[in-house]
Amino acid sequence: MVRTIDWGQDKILESFVPKSDSWIPNLLQEFSDKQTKVRKSHKIGGRWENLYLRVKDVPSVKVPMRYARDLAKRELETSSIILFEAIKQNPDSYPPFWFNIARNGEKTGLHDHARVCNLSAVTYLQACCDSGDLFFRRKGVNDLCIKPEVGKIVIFPPHLKHGVHSNQSSIDRISLAFNLFPFPLIHSEI
């Protein structure tokens, strides 16, 4: 089932990635096994905001990323490509997907992904009802809130301001976020 949310002129897709009972445990195990290889970009509010691994270390990320690409093509008529590795191969490049872990009391501040990507997405690997809602904010209207659920994926335009409310549960919220890029890819912009 796919839910399309019309929010002003923007469309947000909400769905569940099929077979989450098989790919999520695999991905969580891959993520756990490769903690010594995690690269971190920045701290916000005392926690590391984004955790990066190479696709060869967490190959199960391909499942939700491919699902997002195919769903966006079908539902939004948007052609996108997936990048599993950074285009600019230098030591400071991060892959275009990342993990976030929010422990009790932690949140993700308001931000956007408005760069050269054409869609952004988040999928929940571990969450419960009090893990903190994803919210979208636009001036002059009430926030749009989406509950985290294991296996759920949310696909949205990268220019939308969004954040995640504080995790009020005792369970860590673990999510995988990523960007999809326009086809054809303009190599010099990434």
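The values are calculated or read from the model by the stated rules, or taken from the named source; none is laboratory data. This is a predicted model, so every value here is computed, not measured. Here Cβ is always computed from backbone atoms with ideal geometry, including for glycine, and neighbour counts include all displayed protein chains.
Structure data summary
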| read-out | value |
| --- | --- |
| Residue within the stretch 34-53 that is under 17 Å from the mean Cα position of the chain (by Cα), modelled with pLDDT of 95 or more and closer than 30 Å to ARG138 by Cβ present | no |
| Looking only at the stretch 147-189, and only at residues there that are under 20 Å from VAL55 (Cβ atoms) and among the aromatic types (Phe, Trp, Tyr), the one that is modelled with the highest pLDDT | PHE178 |
| First in the stretch 117-130 and under 19 Å from ASN26 (Cα atoms) and among the β-branched types (Val, Ile, Thr), second anywhere and modelled with pLDDT of 90 or more and assigned to a loop (DSSP other than H, G, I, E, B), Cβ under 7 Å, 6 or more apart | THR123/VAL17 |
| Test: residue in the stretch 2-16 that is in contact with a Pro (Cβ under 9 Å, 6 or more places away or on another chain), of a type in the set (A, V, I, L, M), surrounded by 17 or more Cβ atoms within 10 Å (Cβ to Cβ) and modelled with pLDDT of 95 or more | yes |
| Test for ILE81: is it exposed (fewer than 13 other Cβ atoms within 10 Å of the Cβ), touching a residue at least 60 places away in the same chain (Cβ under 8 Å) and either farther than 19 Å from TYR124 by Cα or in contact with a Cys (Cβ under 8 Å, 6 or more places away or on another chain) (or both) | yes |
| Tally of residues being farther than 27 Å from GLU106 by Cβ and either touching a helix residue (DSSP H, G or I) at 6+ places or on another chain (Cβ under 9 Å) or in a loop (DSSP other than H, G, I, E, B) (or both) across the stretch 1-19 | 8 |
| Among the candidates SER22, SER41, residue that is under 24 Å from GLY109 (Cα atoms), out of contact with any Gly (no Cβ under 8 Å at 6 or more places or on another chain) and not aliphatic (A, V, I, L, M) | SER41 |
| Single match in LYS11, LYS19 (criterion: of a type outside the set (S, T, N, Q) and at positive phi) | LYS19 |
| Residue match in the stretch 66-84 (condition: outside any loop (DSSP other than H, G, I, E, B) and farther than 24 Å from SER15 by Cβ) | no |
| Strands (runs of 3 or more DSSP E) fully within the stretch 100-190 counting 2 or more residues that are aromatic (Phe, Trp, Tyr) and buried (at least 16 other Cβ atoms within 10 Å of the Cβ) | 134-137, 173-182 |
